[in-house]
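Following this message is one structure expressed as structure tokens.
Here, each number is a calculation from the coordinates, and none is a lab measurement. These figures come from a predicted structure and were not determined experimentally. With ideal geometry, Cβ positions are generated from the backbone for all residues, glycine too; neighbour counts draw on all protein chains shown.
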Amino acid sequence: MSRIPVRLGARSYPILVTTSYRSLPGQLARLTASRDAWVISHASVLARHGRALLGPLQAAGWHVRTLSVPERETSKSLAMVGRIVGALSRTARMRVPVLVAFGGGVVGDLTGFVAAVYRRGVPYVQAPTTLLGQVDSAIGGKVGVDLPHAKNFVGAFYQPRLVVNNLAVLRSLPRRQRRSGLAEVIKYGAIADRALFAYLERHLSGCLALAPAAARRLVTRSCRIKAQVVSRDERETGEVRAQLNFGHTVGHALEAATAYRRWTHGEAIAIGMAVAADLSVAVGRCPAREAARLITLLEAAGLPTRARSVSRQAVRRAMAFDKKFIRGRPRWVLLQGIGRVTVTEAVPPAAAARALAGRIGRAT
Ligand SMILES: NC(=O)c1ccc[n+]([C@@H]2O[C@H](COP(=O)([O-])OP(=O)(O)OC[C@H]3O[C@@H](n4cnc5c(N)ncnc54)[C@H](O)[C@@H]3O)[C@@H](O)[C@H]2O)c1
Ligand SMILES: [Zn+2]
């Protein structure tokens, strides 16, 4: 088991990379005197992996309740927050429960937000079951829900007490979800780690299969990068955490413009990274061969790099809701070369429009 620290003073917590949940009760005992847990998940995840998580907790004397939400992005809604806090409060009595997010990023973002607002904050644990959750969304405390027209528009920074990444549960992940998680790993390589990027290029099939050694390496390395970024710039006040938004300005807009149904988050940001890479070359920040390396890897991983059958106008409209807009201008994360990015508002709007048209909407 490896233990990766997220260093945030009194709010520090570890990310455990492991192959079972057996150590969870012991870890929790260090954090809380509570023995009441609410596991928020999906019915299918509970059916497949529920025993592995609940068994050790119950054996250690925990009283565990479960709550399932539908498997789709639209579960990340204020209406769902209302339903969950309603259910929690009806059994509340005098006890403060620990919430456990047991699913992908949808369950993680939703549960974290409920934990932030329920009784002005209760402790929660992230037990992500998707690759995307383990490498990215479970770490860093960005929690929240979507509005119909704007992704992640209501939320908070609220750190979990613990992240437990059990690699064994990833085995049941469908191929599309593996690819989607791999998009975020490719992002880490592109923004911060040439060696990780080269590993992905060399061992792509093992990475897609989540072969044990590859899965461990991808998860551990990605967690280290994210933990460092979050430790340095928890609230994205500087430019450090903003780098993680590489590909997300366009990616989030693609998701919102298609009612969150068309692409997974990873697919949408793959297209977004391709647009950002083109733009980086167009404005003279990045050698063309470095951008081409990124696009080649995304495509080899089976991720989309274009979105022709979507309205460019709708994507542009959705981009205006991006929280990364500063003083009315988008804040772009541009590639400088594999392993390095820069954050800037100084992008000529015409160049951005051309980069968008190059991959999104009908070809011009
Ligand atoms: N908070 C953050 O910092 C952050 C970062 C990145 C992404 N996100 C958010 O994360 C969400 C995407 O997360 P996601 O990609 O995990 O998608 P998801 O949560 O929708 O999960 C994808 C699917 O995988 C299924 N699944 C989960 N675990 C499984 C398993 N072990 N075996 C088989 N199937 C399993 C789920 O039931 C679901 O249908 C988006 O809402 C995105 O905005 C948040
Ligand atoms: Zn993302």
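Using modelled backbone amide H atoms (1.01 Å from N, in-plane), which distant-in-sequence or interchain residues come within less than 5 Å of His42's amide H?
Amide H neighbours of His42, under 5 Å, 5+ apart: Val69.
Which residues' amide hydrogens lie under 5 Å from the amide hydrogen of Gln336, considering only partners 5 or more residues apart or on another chain, with H built in the peptide plane?
Val341, Thr342
Now for a different question. What percent of all Cα-Cα pairs in the chain falls into each 10 Å bin, going from 0 up to the bin containing the maximum distance?
Histogramming the chain at 10 Å steps yields 5, 26, 34, 23, 9, 2, 0 percent.
Where does each of Thr129, Thr258 land when they are ranked from fewest to most other beta-carbon atoms within 10 angstrom? Don't jump to the answer; show the numbers that get you there.
Values: Thr129 26, Thr258 18.
With the sparsest Cβ surroundings first, the list reads Thr258, Thr129.
Based on Cβ point charges of +1 for Lys and Arg and -1 for Asp and Glu, what charge dipole magnitude is obtained for the chain about its Cα centre, in debye rounded to the nearest 20? Display every interim value, and only then the final one.
Numbers: 55 positive and 20 negative charges, 59 e Å.
Magnitude of the dipole: close to 280 debye.
Got the relative contact order for the chain handy, in percent, Cα pairs under 8 Å and 6 or more residues apart?
15
Between the DSSP loop rule and a limit of at most 13 other Cβ atoms within 10 Å, which GluC sites (Glu not before Pro) in region 260-364 are left?
Loop-located and lightly packed - Glu345.
Would you mind getting me the FRET efficiency between Ser309 and Gln58? Use the beta-carbon distance for r and R0 = 51 Å, nearest 0.05. Don't skip to the end; give the middle numbers.
Details: r = 49 Å, r/R0 = 0.95.
Once the sixth-power term is evaluated, E becomes 0.55.
I've got another one for you. In degrees between 0 and 90, to the nearest 10, how far off the longest principal axis of the chain does helix 212-232 point, with axes built from Cα atoms?
With both axes taken from Cα atoms, the answer is about 80 degrees.
Of Ser41, Ser180, Leu218, which is farthest towards the positive pole of the chain's charge dipole, taken about the Cα centre with +1 and -1 on the beta-carbons of Lys, Arg and Asp, Glu respectively?
Farthest along the dipole direction, towards plus: Ser41.
Here's a follow-up. On the principal axes of its Cα set, how long, how wide and how thick is region 262-364? Give whole Å, largest value first.
32, 30, 26
How far is it, in nm, from the label point at Ala168 to the one at Thr91 when both lie 7 Å from their Cα along the line to the Cβ?
Here the modelled spin labels are 2.5 nm apart.
Something else about it: For the pair Arg329/Arg362, report the inter-label distance in nm, with labels modelled 7 Å from Cα in the Cβ direction.
3.2
Same structure, new question: So what J values fall out for region 239-249 if you push phi through Karplus, 6.51 cos²θ - 1.76 cosθ + 1.60 with θ = phi - 60°, rounded to Hz, Gly and Pro as x?
9, 5, 5, 4, 4, 5, 7, 3, x, 8, 4
Once fully extended, how much extra length lies between Thr296 and Thr342, figured as 0.36 nm per residue of separation less the alpha-carbon to alpha-carbon distance?
On the way: separation 46, 0.36 × 46 = 16.56 nm, distance 2.12 nm.
Result: 14.4 nm gained on full extension.
Working out 0.36 nm times the residue gap between Glu71 and Ala350, then minus their Cα-Cα distance, what length gain in nm do you get to one decimal?
Details: separation 279, 0.36 × 279 = 100.44 nm, distance 3.88 nm.
Gain on extension, Glu71 to Ala350, equals 96.6 nm.
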